[in-house]
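Asker: Below is one structure. I have some questions about it.
The values are calculated or read from the model by the stated rules, or taken from the named source; none is laboratory data. Bear in mind the structure is a predicted one, so any value in this text is a computation, not a measurement. Neighbour counts are summed over all protein chains in view; Cβ atoms, including those assigned to glycine, are modelled from backbone coordinates with ideal geometry.
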Amino acid sequence: MLIAFNKPMNVLSQFTSEGGWPALDRFGLPKGVYAAGRLDRDSEGLLLLTDDGGLQARISSPKFKKPKVYFALVEGVPDTQALKKLAQGVRLKDGQTAPCGAEAVPAPDWIWARNPPVRIRKSITDTWLKLTLSEGKNRQVRRMCAAVGCPVIRLVRWSIGPHDLAGLAPGQWREVVGV
């Protein structure tokens, strides 16, 4: 079984609450499924869950290079050089990131209002970026964007491989077929 779940902001990618934060157990997900990879508490979007250990490994292991598409709302307006750095890979404390797709895009028309709302500062312009990664270092998108001077203020994972969030509101899930 493979489940596509739209993880809301401030929900943990596990079935046990911790530190006062809610977990996946409150969304009526089928028994016996586990997250294939993770999505940080302060990030939103697609989380795949499965009851198949082999499938879980194929989804989450970097050696299978499943493309993951993220939409990041960042502070500032990245210039051509910043986008080029993101695309070529950025040196982080734990090593160089792999090349990725990186482009500035209009605000996604499918995006939902976030709870809590994003704090927008009137004196700083914000920009949506679309990033397509094939690896998954801890908090990678946030760290990459910060490294080029554009800190992330909202992060939504849109897709993993062929699966995306189309038609799923935050907290909703559906069963999908293979990866």
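Asker: Scan the stretch 127-174 for residues that are more than 27 Å from R91 (Cβ to Cβ) and of a type in the set (K, R) and jot them down.
Answerer: R174
Asker: If you don't mind, there's one more thing I want to ask. Quick one: which residue in E135, E103 is surrounded by fewer than 16 Cβ atoms within 10 Å (Cβ to Cβ), touching a helix residue (DSSP H, G or I) at 6+ places or on another chain (Cβ under 8 Å) and not in a strand (DSSP E or B)?
Answerer: None of the others qualify; the one that does is E135.
Asker: Which one of L29, L47, L24 is of a type in the set (A, V, I, L, M, F, W, C), outside the structural domain of K137 (by TED's automatic domain parsing), modelled with pLDDT of 95 or more and in contact with a Leu (Cβ under 6 Å, 6 or more places away or on another chain)?
Answerer: Of L29, L47, L24, the one residue that is of a type in the set (A, V, I, L, M, F, W, C), outside the structural domain of K137 (by TED's automatic domain parsing), modelled with pLDDT of 95 or more and in contact with a Leu (Cβ under 6 Å, 6 or more places away or on another chain) is L47.
Asker: Sticking with this structure for a sec: Against the conditions (1) within 18 Å of S159 (Cα to Cα); (2) in contact (Cβ under 8 Å) with a residue 12 or more places away in the chain, where does A82 fall short? Just the number, please.
Answerer: The one condition A82 does not meet is (1).
Asker: With the requirement that a residue be without any contact (Cβ under 8 Å) to a residue 40 or more places away in the chain, on the phi > 0 side of the Ramachandran plot and buried (at least 21 other Cβ atoms within 10 Å of the Cβ), what does the stretch 24-46 give you?
Answerer: Of everything in the stretch 24-46, nothing turns out to be without any contact (Cβ under 8 Å) to a residue 40 or more places away in the chain, on the phi > 0 side of the Ramachandran plot and buried (at least 21 other Cβ atoms within 10 Å of the Cβ).
Asker: Looking at the stretch 115-127, is at least one residue more than 22 Å from N6 (Cβ to Cβ), surrounded by 10 or more Cβ atoms within 10 Å (Cβ to Cβ) and modelled with pLDDT of 95 or more?
Answerer: yes
Asker: Still on this model: Step by step: first the residues of the stretch 138-179, then only those that are in contact with an Asp or Glu (Cβ under 7 Å, 6 or more places away or on another chain) and over 11 Å from Y70 (Cα atoms), then the one that is surrounded by the most Cβ atoms within 10 Å (Cβ to Cβ). Which residue is that?
Answerer: Restricting to residues being in contact with an Asp or Glu (Cβ under 7 Å, 6 or more places away or on another chain) and over 11 Å from Y70 (Cα atoms), the top hit is C150.
Asker: Find the residue count for the stretch 108-117, including only residues that are in contact (Cβ under 8 Å) with a residue 12 or more places away in the chain and more than 16 Å from the chain's Cα centre (by Cα).
Answerer: Within the stretch 108-117, residues that are in contact (Cβ under 8 Å) with a residue 12 or more places away in the chain and more than 16 Å from the chain's Cα centre (by Cα) number 2.
Asker: What residue, among those in the stretch 25-52 that are in contact with a Lys or Arg (Cβ under 8 Å, 6 or more places away or on another chain) and not in a loop (DSSP other than H, G, I, E, B), is farthest from P151 (Cα to Cα)?
Answerer: Restricting to residues being in contact with a Lys or Arg (Cβ under 8 Å, 6 or more places away or on another chain) and not in a loop (DSSP other than H, G, I, E, B), the top hit is L47.
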